[in-house]
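Visitor: Have a look at this one before I ask anything.
Values in this text are rule-based calculations from the coordinates and carry no lab data. Since this is a predicted model, take the numbers as computed values, not measurements. Note that we place each Cβ from the backbone using ideal geometry, even for glycine, and neighbour counts take in every protein chain shown.
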Amino acid sequence: MKELLNEKLTKQFPEIHFEVIEQFDELTFKFDKSAVVPVCKYLKETDGLKFNLCEDVTAVDWATRKNRFTVVYHLFSMENKFRLCLKVDVDESECSVESVSSVWRAANWPEREAYDMYGITFLKHPDLRRMYMPEEFEYYPLRKEYPLMGIPGAVPLPKK
Amino acid sequence: MQKLTKDDVHPKIVQALLGADIHLTIDDALENEMILNMGPQHPATHGVLRMLLRLDGETVVACVPELGYLHRGYEKMAENMSYLEFMPHTDRLDYISPPANNVAYALAVEKLAGITAPPRAQYIRMLLAELARMCSHLVAIGALAMDVGALTVFLWGLREREKILDFFDVICGARFTTSYARIGGVASDVTSDTLKNITAFIDQFEEKFDEMERLLNGNRIFIERLEGVGVIEKDDAVDLGFTGPNLRASGVEFDLRRATPYLFYNEMDFNIPVYTEGDCLARYFVRADELRESAKIVRQVIDKIPNGEVMLNSPKKVLPRKTEIYTKMEELIHDFMIVNFGINPPVGEVYHAVENSKGELGFYIVSKGEGQPWRMKIRSPSFANLQAIPHLVKGQMISDVVAIVGSIDPIMGEADK
């Protein structure tokens with residue numbers, strides 16, 4: 001499966017560099033964030049791959065690294081019974097990546113959650129609101145600089 | 001349920017509800033359309049799910065679920081505690097089936113740390129996970145029946161569940177928040193008497209469940225409230241991220257116990273019930289069939305369970321036994337190091353998913369080689385399943401919303417994390 005994926009992806013997207021990471025029996029492809037939607041569409045629709053289930057979209061905050069955030073996609077192909085992980089780096093200065101909810105509708109809420117927790121904007125998302133925190137909340141709680149105890153007064157009380 | 005005015009609803013939610021249609025005024029009582037608030041304090045929302053419904057008469061035009069009323073920030077907390085310390089918090093995710101969550105979490109950490117629990121521990125985990133699945137489905141079926149007006153089944157379901165909780169009490173020391181799995185095994189062994197009692201319970205359970213099923217399957221009101229309500233097609237179900245019984249009710253034969261076998265599920269003989277209708281009734285049937293399959297697995301586990309250790313002997317990763325801590329220096333040091341500094345798994349990232357009673361429960365752990373995870377993401381099935389609610393309730397009557405939410409079986413502790 002690894003060879004097949006590598007071959008198909010490099011053939012389809014010759015201009016993009018795919019970094020292949022393999023650990024704990026899991027396969028990960030890391031590439032530039034500009035290609036995320038075409039790659040996902042290709043993985044979902046190509047015969048023989050058919051990654052039809054988008055299990056999760058989430059992000060990791062590396063705090064001190066140059067590309068501060070990594071957006072992580074977990075995909076599953078029911079046909080091949082194979083799980084694939086995709087990763088794209090996002091920098092804090094340009095904190096956005098295109099939404100894949102046009103490819104899988106399942107990505108809608110996880111992307112909202114990542115936006116809520118990390119402040120990463122998902123471009124062309126149909127309904128980008130906060131998932132858990134109130135809309136008036138100003139911080140991004142899962143960023144490493146947000147204290148575990150919270151910030152007093154950060155969560156507004158209900159109006160009535 | 002309460003009718004809302006414009007000031008009550010955040011503009012962004014209003015926009016999500018109305019879509020492109022902005023001429024609607026939500027204040028005018030004489031208008032045919034209105035916006036109604038359902039939950040978070042509503043008995044049929046299974047916890048604290050809040051839904052804003054845009055209604056045309058009694059028909060739902062649009063629905064916006066609002067989450068976060070039970071958001072406790074477990075992912076943030078996990079980054080600030082050791083791997084072992086997080087175990088009790090997994091109980092509180094899907095609080096109807098705590099042992100299954102413990103097992104899922106332990107498996108993810110073990111994959112990261114590169115250790116495998118001994119066979120007996122894995123069998124015990126399977127036993128607990130299946131009993132938890134039975135618990136969860138009994139509550140799901142009972143609550144669904146209660147939502148559409150049949151109270152008896154709920155009480156009968158809870159009666160059976162109570163017996164399972166008694167086994168949890170004997171095995172884990174707690175009825176509810178079990179915290180039973182450990183990294184590298186389980187907390188304590190199961191006696192042969194307990195196994196005998198579980199077999200006796202399973203023997204009488206099938207008969208009892210037949211009785212319960214007769215109550216429901218012969219109940220015309222129950223069938224008519226569910227049949228053809230909240231239909232979701234196969235492709236939509238996959239696209240919207242359904243997993244577990246909800247997906248199998250839409251005709252997709254997908255079960256992680258078969259697709260990516262873990263523990264010893266590949267040695268077990270069980271069927272995966274699949275229904276193709278995709279309505280609320282099919283979701284109920286899948287759960288009912290799965291209960292019987294779980295009972296079958298429990299029986300096989302008790303037949304096959306091997307003798308041996310229940311904790312791995314791996315001093316740097318697994319807590320040593322209490323008696324040895326008190327008598328041996330080496331074990332005392334390891335215990336001190338593990339409790340205070342954590343198990344320090346290698347640098348890396350791992351995603352491990354199991355088939356929980358609600359669907360796919362996955363843990364994504366990023367380790368920097370420290371005692372605490374750098375990032376832990378919980379992929380909870382209820383969260384993904386709830387996402388389909390707007391799709392399911394569209395065009396249905398307002399009374400069907402209750403049946404649809406009940407048939408999806410969301411647990412807010414897990415959806416809100």
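Visitor: Quote the relative contact order of chain A in percent (integer), defining contacts as alpha-carbon pairs under 8 Å separated by 6+ residues.
Guide: Once divided by the residue count of chain A, the mean separation gives 17 percent.
Visitor: Something else: For an R0 of 51 angstrom, estimate the FRET efficiency from the Cβ-Cβ distance between A:TYR139 and B:ASP269 and round to the nearest 0.05.
Guide: According to the calculation, E is roughly 0.50.
Visitor: Same structure, new question: Give me the angle, in degrees from 0 to 90, between the Cα long axis of helix A:36-45 and the longest principal axis of the Cα atoms of chain A, rounded to the nearest 10.
Guide: 50
Visitor: Provide the three semi-axes, in whole Å and in decreasing order, of the ellipsoid equivalent to region B:197-240 as defined by the square roots of 5 times the Cα gyration tensor eigenvalues.
Guide: 31, 19, 5
Visitor: From zero up to wherever the largest Cα-Cα distance of chain B sits, split into 20 Å bins and tell me the percent of pairs in each.
Guide: In whole percents, the pair-distance histogram is 26, 53, 19, 2.
Visitor: Compute the long axis of helix A:108-118 from its Cα atoms, compare it with the longest principal axis of the Cα atoms of chain A, and write down the angle in degrees, 0 to 90, nearest 10.
Guide: Helix A:108-118 sits roughly 50 degrees off the main axis of chain A.
Visitor: Using just the alpha carbons, could you tell me how many Å³ per residue the convex hull of the protein assembly as shown encloses?
Guide: Enclosed volume per residue, from the Cα hull, is 156 Å³.
Visitor: Ranked by Cβ crowding within 10 angstrom, fewest neighbours first, how are A:GLU113, B:GLU414, B:GLU160, B:GLU330 ordered?
Guide: B:GLU330, B:GLU160, A:GLU113, B:GLU414
Visitor: So what's the back-of-envelope 222 nm ellipticity for chain B, counting only DSSP H runs of four-plus at -39500 (n - 2.57) apiece and dividing by all residues, rounded to 500?
Guide: Taking each H run of at least 4 residues, the total per residue is -15000 deg cm²/dmol.
Visitor: How much FRET efficiency would the formula 1/(1 + (r/R0)^6) give for A:THR46 and B:TYR69, where r is the Cβ-Cβ distance and R0 is 56 Å, rounded to 0.05?
Guide: It comes out at approximately 0.85.
Visitor: What full-extension length gain, to one decimal in nm, is calculated for B:GLU58 and B:LEU155 as 0.36 nm per residue of separation minus the Cα-Cα distance?
Guide: 31.8 nm
Visitor: Shifting gears a bit: Report the Stokes-Einstein translational diffusion coefficient (µm² s⁻¹, integer) for region B:131-271, Rh taken as the Kirkwood radius over Cα pairs, at 37 °C with viscosity 0.692 mPa s.
Guide: For these conditions, the coefficient is 186 µm²/s.
Visitor: Give the long-range amide H neighbours of B:GLU66: residues separated by 5 or more places, or on another chain, with amide H under 5 Å away, using H modelled in the peptide plane at 1.01 Å from N.
Guide: Counting only residues 5 or more places away or on other chains, the set is B:ARG50, B:MET51, B:LEU52.
Visitor: Apply the Karplus parameterisation 6.51 cos²θ - 1.76 cosθ + 1.60, with θ equal to phi minus 60°, to every residue of region B:327-335 and state each ³J(HN,Hα) to the nearest whole Hz, in sequence, with x for glycine and proline.
Guide: These are the phi-based 3J(HN,Hα) values: 10, 10, 5, 4, 5, 4, 5, 4, 4 Hz.
Visitor: Separation between the B:ASP235 and B:THR327 pseudo-spin-labels, each 7 Å from Cα along Cα→Cβ, expressed in nm?
Guide: Placing both labels 7 Å along Cα→Cβ, they lie 6.7 nm apart.
Visitor: In peptide A:101-108, what is the residue-averaged number of other protein chain Cβ atoms found within 10 Å of each Cβ?
Guide: Counting other chains' Cβ atoms within 10 Å and averaging over A:101-108 gives 4.
Visitor: Of the trypsin sites (Lys or Arg not before Pro) in region B:167-196, which ones lie in a loop per DSSP and count no more than 15 other C-beta atoms within 10 Å?
Guide: Hits after loop and neighbour filter: B:ARG175.
Visitor: When only alpha-carbon atoms count, how far does region B:223-300 stretch along each of its three principal axes, as whole angstroms with the largest first?
Guide: So the three principal-axis extents are 37, 27, 13 Å.
Visitor: Return one number: the angle in degrees, 0 to 90 and rounded to the nearest 10, between the long axis of the Cα atoms of helix B:151-172 and the longest principal axis of the Cα atoms of chain B.
Guide: Result, in degrees: 20.
Visitor: Please find, in a Gaussian network model of chain B (springs between Cα atoms separated by less than 10 Å), the residue of B:ASP56, B:ASP239, B:ASP169 whose mean-square fluctuation is greatest.
Guide: Taking springs between Cα atoms under 10 Å, the residue moving most is B:ASP239.
Visitor: At B:GLU277 and B:PHE336, where each label point lies 7 Å from the Cα along Cα→Cβ, what is the point-to-point distance in nanometres?
Guide: 6.4
Visitor: Full extension from A:GLN12 to A:GLU92: what is 0.36 nm times the residue separation minus their Cα-Cα distance, to one decimal in nm?
Guide: Result: 25.8 nm gained on full extension.
Visitor: Taking the Cα-to-Cβ direction at A:SER102 and at B:ALA200 and moving 7 Å from each Cα, how far apart do the two end points lie in nm?
Guide: Inter-label distance under the simple model: 6.4 nm.
Visitor: For region B:43-184, what does the equivalent ellipsoid look like in terms of its semi-axes, each the square root of 5 times an eigenvalue of the Cα gyration tensor, given largest first in whole Å?
Guide: 33, 22, 12
Visitor: Over chain B, what is the relative contact order in percent, taking alpha-carbon pairs closer than 8 angstrom and at least six residues apart?
Guide: RCO, chain B: 24 percent.
Visitor: Also: Through the Karplus equation 6.51 cos²θ - 1.76 cosθ + 1.60, θ set to phi - 60°, convert the phi angles of region A:98-107 into ³J(HN,Hα) values in whole Hz; use x for Gly and Pro.
Guide: Along region A:98-107, the couplings run 6, 6, 9, 5, 6, 8, 10, 5, 4, 6 Hz.
Visitor: Stretched out fully, how many nm does the piece from B:VAL347 to B:LYS12 gain, at 0.36 nm a residue minus the Cα gap?
Guide: Roughly 116.5 nm would be gained on extension.
Visitor: Write down the percent of antiparallel bridges among all DSSP beta bridges whose residues are both part of region A:2-123, to the nearest 5.
Guide: 75
Visitor: Further question: Report the dimensions of region A:2-123 along its three principal axes from the alpha-carbon atoms, largest first, rounded to Å.
Guide: Projected onto the principal axes, the Cα atoms of region A:2-123 cover 37, 28, 27 Å.
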